[in-house]
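So the structure is just underneath, and the comments pick up after that.
The values are calculated or read from the model by the stated rules, or taken from the named source; none is laboratory data. Since the model is a prediction, treat every value here as computed from it, not as a measurement. All Cβ positions, glycine included, derive from the backbone under ideal geometry; neighbour counts span all protein chains shown.
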Amino acid sequence: MILQSIYTEKNNCQDCYKCVRRCPVKAIKIEDHSASIITELCINCGYCTTICPAGAKKIRNDVAAAKNLFNSGQKVIAAIAPAWVSEFSEHKASSFISALKQLGFHEVSEVALGAEMVSESVNQYLNQQETGLHISSCCPTVVSLIQKYYPEHIDKVVPIMSPMLAHAAYLRSLQTEPIKIVFIGPCIAKKNEAEEHEGLVDVSITFQELSEWLEKESAYFEESETEELFYPNKAADGSLYPVDGGMINSLKSQITTVDLDFMSFSGRNSVKDVLENLEGIETDKLCFLELLSCNGGCVNGPGCSENNSIAKKRANIIRTHQQTSAQERMLKNAIEISLDYEKSQVNIPKHSGEDILESLKSIGKLSSKDELNCSGCGYENCRDFAEALLEGKAESSMCVSYMRKVAQNKASVLLQKMPYAVVMCDDKLKIIESNLQFAEMLGEETCELFNDIPGLEGAHLKAVFPPYKLFQNAIKLDLEKFDKDIRIEGKLYHLSIFTIQKHKIICGILRNLQSPEVRNEEVIKRTKEVILENLSTVQQVAFLLGENAAKTETMLNTIVQSYEDSENV
């Protein structure tokens with residue numbers, strides 16, 4: 001069973017939609033305001049784990065599975081990806097090998113050996129071809145991308161194992177007894193690749209997982225008395241594979257075909273652009289494409305823990321290669337590393353124009369003018385988002401403009417239904433919104449203006465509301481709440497001003513104290529206040545009041561009850 005290498009910690013997901021926005025194949029589903037991975041659509045590039053601001057996207061940790069291999073009674077070999085040079089650049093090879101052996105590994109071997117085997121096989125394969133376009137099979141994310149989304153190009157992938165699989169096959173060919181192999185590298189997709197091809201790599205962990213493991217076990221990087229060496233020998237040209245163009249550099253030293261073009265592209269967007277426009281590449285001669293999902297190559301994989309720049313990582317790889325490339329190459333056992341790649345095309349639903357229009361209407365996009373294409377939802381445009389809604393991958397609440405309209409409509413309805421006069425204004429005292437009761441309170445002229453300008457939006461409070469300075473002072477002094485009885489047009493009102501946004505937006509509610517409903521309400525409220533104040537006084541001077549306090553409370557409660565009864569009638 002193949003498990004998903006990436007998962008979401010729902011409690012940490014913060015509705016930012018950054019993973020949706022950056023996922024190259026939109027393999028993200030938003031459900032109950034949380035983003036989850038759609039396994040069948042995912043290509044395991046791991047980009048979402050690197051850009052999630054809340055750290056909600058996690059890489060499956062397989063260290064426990066690796067440790068369990070030590071209990072098998074078989075030798076466990078660590079197959080270390082060539083990018084280790086940039087990840088653990090401060091350590092020499094011998095001290096690095098020593099630290100891994102402290103964890104329990106019997107031997108440590110460079111996957112760069114497998115890369116050299118791949119170069120030899122690709123060289124032989126290309127020399128047998130006369131024309132055509134051919135794509136490297138080294139990056140499992142690229143292979144998965146082609147299998148699922150560009151199946152028409154699957155026959156262009158060279159039928160050769162990746163360096164990880166080739167290296168594992170080579171290690172097993174050297175042993176007379178069964179062994180266990182743990183791949184350690186910068187790539188998340190290797191976890192799935194190992195599970196898809198059983199019998200080669202038992203467990204795959206990332207550099208980040210290894211670093212945490214070494215720290216937890218207190219393994220130390222020190223030179224041992226007997227220098228530790230890579231098994232069965234050190235690699236040479238294969239050490240260049242982690243950087244873009246590294247494979248091509250290795251091939252060029254071997255290739256014998258004269259009329260052959262080499263091109264290298266790295267980064268998800270660049271790779272997708274290449275695959276979508278392969279028809280524009282001439283195929284009347286041989287052409288080989290090295291495609292790597294991670295920008296800059298494997299040194300920038302999602303499983304890395306080192307935060308150095310790509311340039312520095314690349315420099316470490318090249319410098320190490322220069323020191324080892326002159327070494328005499330040792331012959332490896334001749335083993336078969338061919339591998340045919342099959343299509344695993346995903347089902348991408350096709351939606352009719354009518355369905356898309358209905359989906360757009362459900363989020364308030366009634367015409368093309370309403371389609372803002374702001375990408376706030378994570379999709380490139382409103383139509384892509386509408387299709388995602390139809391496929392159950394998205395929720396209406398992801399549309400910022402739609403939710404803003406919903407909020408505004410709810411606020412407007414609430415404002416207009418309130419029995420009191422309400423007005424909101426900004427720090428310049430320009431009215432943001434008001435209700436009809438506010439306009440009616442200020443007279444016929446303001447009502448006419450309200451009909452022409454709904455909500456009096458944009459009007460200056462000073463022009464329509466005489467005691468505007470109360471609002472001016474409230475916003476200047478940043479008063480959380482301010483209450484005052486005022487007179488307007490000969491009527492007495494109770495004004496409550498409160499802050500919505502500090503020094504930016506305030507709201508005022510005015511109640512006509514002369515209306516029966518408000519009058520009864522105010523009497524009840526203020527009588528209750530008297531009761532509370534009186535009880536407080538009673539507690540302080542109870543010995544003076546005696547039975548008189550109880551009579552006062554009873555009398556006041558009777559008044560409150562009578563007003564409440566009359567109001568209910």
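If Asp273 satisfies all but one of (1) free of Cβ contacts under 8 Å to residues at least 40 places away in the same chain; (2) not in a helix (DSSP H, G or I), what's the number of the condition it fails?
(2)
Condition first: in a loop (DSSP other than H, G, I, E, B), modelled with pLDDT of 90 or more and surrounded by fewer than 22 Cβ atoms within 10 Å (Cβ to Cβ). Now tell me which residues in the stretch 1-15 satisfy that. Reasoning before the result, please.
Residues of the stretch 1-15 in a loop (DSSP other than H, G, I, E, B): 1-5, 9, 13-15.
Filter once more, so that each one left must be modelled with pLDDT of 90 or more: 5, 9, 13.
Within the stretch 1-15, Glu9, Cys13 meet the criteria.
What's the number of the condition Cys42 fails, among (1) touching a helix residue (DSSP H, G or I) at 6+ places or on another chain (Cβ under 6 Å); (2) crowded, with 19+ Cβ neighbours inside 10 Å; (3) part of a loop (DSSP other than H, G, I, E, B)?
(1)
Here is a check on your reading of the model: is Cys48 part of a helix (DSSP H, G or I) and under 24 Å from Asn381 (Cβ atoms)?
Spelling it out, Cys48 is indeed part of a helix (DSSP H, G or I) and under 24 Å from Asn381 (Cβ atoms).
Among residues belonging to the stretch 293-311 that are free of Cβ contacts under 8 Å to residues at least 40 places away in the same chain and not β-branched (Val, Ile, Thr), point out the one that is surrounded by the fewest Cβ atoms within 10 Å (Cβ to Cβ).
Residues of the stretch 293-311 free of Cβ contacts under 8 Å to residues at least 40 places away in the same chain: 295, 307, 309-311.
Okay, now just the ones that are also not β-branched (Val, Ile, Thr), so 295, 307, 309, 311.
Numbers: Asn295: 16, Asn307: 6, Ser309: 10, Ala311: 10.
The extreme case among them is Asn307.
Find the residue count for the stretch 96-113, including only residues that are buried (at least 24 other Cβ atoms within 10 Å of the Cβ) and aromatic (Phe, Trp, Tyr).
The number of residues fulfilling the criteria is 1.
Residue-by-condition table, conditions (1) over 11 Å from the mean Cα position of the chain (by Cα); (2) of a type in the set (Val, Ile, Thr):
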{"position": "Val20", "(1), (2)": "no, yes"}
{"position": "Asn44", "(1), (2)": "yes, no"}
{"position": "Cys48", "(1), (2)": "no, no"}
{"position": "Lys58", "(1), (2)": "no, no"}
{"position": "Leu69", "(1), (2)": "yes, no"}
{"position": "Lys75", "(1), (2)": "yes, no"}
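What is the residue count in the stretch 120-151 for residues that are outside any strand (DSSP E or B) and within 36 Å of the chain's Cα centre (by Cα)?
So the first thing to find is which residues in the stretch 120-151 are outside any strand (DSSP E or B), and the list is 120-131, 136-151.
Subsequent filtering for residues that are within 36 Å of the chain's Cα centre (by Cα) retains 136-151.
Looking only at that region, the number is 16.
Given the condition more than 27 Å from Gln345 (Cα to Cα), assigned to a helix (DSSP H, G or I) and among the hydrophobic types (A, V, I, L, M, F, W, C), answer yes or no: does some residue in the stretch 102-112 qualify?
Taking the stretch 102-112 as the starting set, the residues that turn out to be more than 27 Å from Gln345 (Cα to Cα) are 102-112.
This time we only want the ones that are assigned to a helix (DSSP H, G or I), so: 102-103, 112.
If we keep only those that are among the hydrophobic types (A, V, I, L, M, F, W, C) as well, we get 103, 112.
Yes.
Spot the failing condition for His91; the list is (1) closer than 25 Å to Ala315 by Cβ; (2) buried (at least 24 other Cβ atoms within 10 Å of the Cβ), and only one is missed.
Looking at each condition in turn, His91 falls short on (2).
The conditions are (1) assigned to a strand (DSSP E or B); (2) crowded, with 24+ Cβ neighbours inside 10 Å, and Ser86 fails exactly one of them. Which is it?
(1)
Small (Gly, Ala, Ser), within 30 Å of Lys476 (Cα to Cα) and touching a residue at least 24 places away in the same chain (Cβ under 8 Å) - does that describe any residue in the stretch 416-423? Give the steps one after another, and end with the answer.
Filtering the stretch 416-423 down to residues small (Gly, Ala, Ser) leaves 421.
This time we only want the ones that are within 30 Å of Lys476 (Cα to Cα), so: 421.
Next, from what is left, pick out any that are touching a residue at least 24 places away in the same chain (Cβ under 8 Å): 421.
Yes, some residue in the stretch 416-423 is small (Gly, Ala, Ser), within 30 Å of Lys476 (Cα to Cα) and touching a residue at least 24 places away in the same chain (Cβ under 8 Å).
Only one of (1) of a type in the set (A, V, I, L, M, F, W, C); (2) out of contact with any helix residue (DSSP H, G or I) (no Cβ under 9 Å at 6 or more places or on another chain); (3) not in a helix (DSSP H, G or I) fails for Ile97. Which number is that?
Failing condition for Ile97: (3).
For a quick check of your reading of the model, give me the residue pairs whose first member lies in the stretch 354-377 and is assigned by TED's automatic domain parsing to the domain that holds Tyr402, whose second is basic (Lys, Arg) and surrounded by 13 or more Cβ atoms within 10 Å (Cβ to Cβ), with beta-carbon atoms closer than 8 Å and at least 6 apart or on different chains.
If the second residue must be basic (Lys, Arg) and surrounded by 13 or more Cβ atoms within 10 Å (Cβ to Cβ), the pairs left are Ile356/Arg383; Leu360/Arg383; Gly364/Lys405; Glu371/Lys365; Glu371/Arg383; Ser375/Arg21.
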